[in-house]
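Since the structure comes first, as C-alpha cells, the remarks are kept for the end.
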Amino acid sequence: MRIFMSEKDLKKRTRQFALRVIRLCEALPTGRTAEVIARQLVRCGTSVGANYRAASRGKSPADFIAKMGIVEEECDECLYWMELLIEAEIMKADRLKELMDEANQLLAITVSSIKTARSNK
C-alpha cells in the first residue's frame, strides 16, 4: 500500500467500501438479528465515505479534524457490526476477512490523517 493516498483516491476507496458493505448486507440471511445488524452496518458503512467527503471540504483545520473523527468512529463501528456477525454465527469469518481488512486500513489512514492535521494545526 502506498504511504500517501490522494483525496480523490480515498474518496473512491471509501465509496467502494460502502458498496461492498451494501452487497454484504444484501447477501445476509433473513432473520431478525441479521436484519438489525445489516441496518446498522449499512448506515455506518455508507457514512464512512459520506463523512470523508464532508471532511475534505472542511472549513478549517479544526472542522476537518472533527469530521475525520466521525469517519474514525463510523469505520470502527463497521468493524464492531462485522465482528458481531461472526460471533453470532450469522456469517463465517473468512467471508468477512477482506472487508474487515479494508475497514482496518481505512481506519489506520483516518487516524494517521487526524494525527497529521493536529500536528500541522
Amide N of the stretch 63-105 lying under 18 Å from the label point, which is placed 7 angstrom from the Cα of ARG43 along Cα→Cβ:
70-85
Taking 0.36 nm per residue of separation between ALA62 and THR30 and subtracting their Cα-Cα distance, the length gained on full extension comes to 7.3 nm
Identify, among ALA54, ILE114, THR30, the residue whose Cα sits farthest towards the positive end of the charge dipole of the chain, taking +1 on the Cβ of Lys and Arg and -1 on the Cβ of Asp and Glu, with the dipole about the Cα centre.
ALA54
Per residue, how big is the convex hull of the chain when only Cα atoms are used? Give it in Å³.
89 Å³
Given 25 °C, 0.890 mPa s and a Kirkwood radius over Cα pairs, the Stokes-Einstein diffusion coefficient of the stretch 1-60 in µm²/s is 192 µm²/s
Any chance you could count the Lys pairs in the chain whose alpha carbons are under 29 Å apart, treating pairs 8 or more apart or on different chains as valid?
24
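Quick note: the coordinates plus some simple rules give every number you see, no bench work behind them. All values derive from a computational prediction rather than experimental measurement. Here Cβ is always computed from backbone atoms with ideal geometry, including for glycine, and neighbour counts include all displayed protein chains.
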